1. Can you tell me the accessible area per residue over the chain, all protein chains present, probe 1.4 angstrom, in square angstrom?
2. Take the solvent-accessible surface of the protein heavy atoms, probe 1.4 Å, and return the percent of it on the chain that carbon and sulfur atoms account for.
3. Express in % the proportion of alpha carbon pairs of the stretch 174-225 at distances exceeding 16 Å.
4. Considering only Cα-Cα distances, which of the following residue pairs are longer than 22 Å: Lys82/Lys285; Lys81/Lys301; Lys86/Lys323; Lys267/Lys308; Lys127/Lys285?
5. Got a sec to turn the phi values of the stretch 25-42 into Karplus ³J(HN,Hα) couplings, 6.51 cos²θ - 1.76 cosθ + 1.60 with θ = phi - 60°, whole Hz, x for Gly and Pro?
6. For the stretch 51-112, what is the largest minus smallest coordinate of the Cα atoms on each principal axis, given in angstrom and ordered from greatest to least?
7. Which value, in Å to one decimal place, does the Kirkwood hydrodynamic radius take for the stretch 208-327 when every pair of different Cα atoms is included?
8. Report, in debye and to the nearest 20, how large the dipole of the chain comes out about its Cα centre when Lys and Arg carry +1 and Asp and Glu carry -1 on their Cβ.
Amino acid sequence: MPTLTRRAFLLASFGGLMAGIPKRRATIQTINGPISAQQLGKSLVHEHFLVDFIGADKISFDRWNPAEVAELVLPYLSEAKKAGVKSIFDCTPAFLGRDMRLLQLLAKESGLQIITNTGYYGARENKFLPPWAFTETAAQLAQRWINEFEKGLDNTTVRPGFIKIGVDANEALSETHRKLVQAAALTHLATGLTIFSHTGPGHTAFEEIEILQAAGVKPDAFVWVHAQGEKDKNLHIRAAKQGAWVSLDGIGWGDFDNYADAIAGLKAAGLLQRVLISHDAGWYKPQESNNNFQGYTNIFKELFPRLKQKGFSEKDFDQLLVKNPATAMAIQVRKL
Ligand SMILES: [Zn+2]
């Protein structure tokens, strides 16, 4: 490197540090290794390929054949690819059917970038929690998830790209569910992984944000999953103003006008840069008929035409499907 350029480079780096700009480039951890956030492209941040609702006590990897699942799922993935999708976040957690064999097969055959998760799903009254989730401390659970980030998932070298937890929508969080949120906070601080929490109503989301803040985590490390479960759209705006990500993510299952209204409201409030959208679609269910498998294109076929009528531009769509996922999912510690 010529001397002057090198000197300019060093000065620029120093200036960057002084201004608090992170020195490292933002990365995303796919199942096939890290990529830059710029390589993520058009992304669906909350989808499923397989979900097995049998429960943590009965689930096992021999309940399905990855090749058979892939045969059903791949045509839907190629439709999504035709719509321009480059990356899909698999939101199926451990003990609900998260399967590295399947994810690797789908990534290889589809050419899509797939990102998977660490963490435990406490919603549906703890049916999908392993026994140690009840007895261990938040720090012990976090250590398990940090180990998965550092060493790999399920005896593979595949690393997770985000944390996925789930809590029930009761009046207040149970002790166990508070613990899951605390474990997610500790894992975030150690790894920089973004926290997705299956939530629903606003009061639960705000309770989680408070726990995270008490643990020193900024709200922008938190994704309020299934925010469409909250009918008071003012609460979406309140959470976004606090810096949290508002995930309107059930677009695979209808109610398109309501989604369009919620997203337009957030845009009108100047908060489109805090919104994530996805389908929550898929759901191959082991040992069932699978006639109602849902594809990944309603955003393009149903939602965007409605948003266009409300004045949304290509730039806005790019914000929702490219820029926001790249910002939300970049691995970076967001400490208060
Ligand atoms: Zn989901």
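The values are calculated or read from the model by the stated rules, or taken from the named source; none is laboratory data. Since this is a predicted model, take the numbers as computed values, not measurements. For neighbour counting, all protein chains shown are included, and Cβ atoms are generated from backbone atoms with ideal geometry for every residue, glycine included. Protein only, heavy atoms only, side chains kept; ligands, DNA and RNA dropped before computing areas. Shrake-Rupley method; radii C 1.70, N 1.55, O 1.52, S 1.80 Å.
1. Numbers: 14860 Å² over 336 residues.
Solvent-accessible surface per residue comes out at 44 Å².
2. On the way: 7650 of 14860 Å².
About 51 percent, which is the carbon plus sulfur part of the accessible surface.
3. Working: 368 of 1326 pairs.
Of all Cα-Cα distances in the stretch 174-225, 28 percent exceed 16 Å.
4. On the way: Lys82/Lys285 25 Å; Lys81/Lys301 14 Å; Lys86/Lys323 13 Å; Lys267/Lys308 13 Å; Lys127/Lys285 16 Å.
Long pairs (Cα-Cα over 22 Å): Lys82/Lys285.
5. Values, residue by residue: 6, 5, 10, 10, 9, 8, 5, 9, x, x, 10, 7, 4, 5, 7, 5, x, 5 Hz.
6. Here the spans come out as 39, 20, 15 Å, largest first.
7. Working: mean 1/r = 0.0660 Å⁻¹.
This gives a value of 15.2 Å.
8. On the way: 38 positive and 34 negative charges, 324 e Å.
Taking the Cα centre of the chain as origin, the dipole is about 1560 debye.
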